[in-house]
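Before any comments, here is the structure.
Coordinate-derived values only; no laboratory data. All of these numbers come straight from a predicted model, not from anything done at the bench. For neighbour counting, all protein chains shown are included, and Cβ atoms are generated from backbone atoms with ideal geometry for every residue, glycine included.
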């Protein structure tokens with residue numbers, strides 16, 4: 001299968017959405033494609049994070065998140081795949097588990113500390129940007145509520161992973177307005 005088809009050279013593409021019949025093409029700046037693109041940016045950056053650590057705990061969780069993001073993008077592109085609430089519960093369990101080991105958070109913290117933590121914080125901001133696109137898309141085309149909840153919980157998870165990365169390295173949170 002060739003990597004390039006030349007079909008998108010005029011700024012359009014197709015999705016495997018059955019509603020787009022007769023090979024109807026959509027513009028590459030379509031809101032749905034912008035949302036898929038923002039989630040793809042996040043997924044790609046999670047790959048960067050995976051390469052920046054040897055810690056299997058982080059790698060395993062990131063891999064699971066990447067698979068879920070691929071599934072979400074497939075659903076947004078029209079695939080008839082399932083995305084259950086158990087994915088949200090998995091994130092909540094991880095947050096709760098890590099929170100038990102972390103110092104209680106009483107103030108806002110600044111991103112940074114270790115490079116790994118900074119990567120997680122940046123991915124959290126990418127998640128929020130993707131979430132904003134999802135919310136806008138949901139006003140035009142209904143998005144499964146589990147997807148909206150998952151992405152919201154994912155930013156919380158990445159924030160917690162950032163704190164946990166610093167904690168594992170013995171780096172305290174950098175508090176804002178000490």
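The table below lists the values:
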item	result
Residues of segment 79-106 classified as assigned to a loop (DSSP other than H, G, I, E, B) and touching a helix residue (DSSP H, G or I) at 6+ places or on another chain (Cβ under 9 Å), total	9
Matching entry among 133, 166, 138 (being touching a helix residue (DSSP H, G or I) at 6+ places or on another chain (Cβ under 6 Å), over 18 Å from residue 41 (Cα atoms) and surrounded by 14 or more Cβ atoms within 10 Å (Cβ to Cβ))	166
Of all residues making up segment 80-94, the number that are surrounded by 14 or more Cβ atoms within 10 Å (Cβ to Cβ) and over 14 Å from residue 151 (Cα atoms)	1
Odd one out for residue 109 among (1) closer than 21 Å to residue 52 by Cα; (2) in contact with a strand residue (DSSP E or B) (Cβ under 7 Å, 6 or more places away or on another chain); (3) surrounded by 14 or more Cβ atoms within 10 Å (Cβ to Cβ)	(1)
Residue list for segment 41-58, restricted to those being over 14 Å from residue 123 (Cβ atoms) and assigned to a helix (DSSP H, G or I)	56, 57
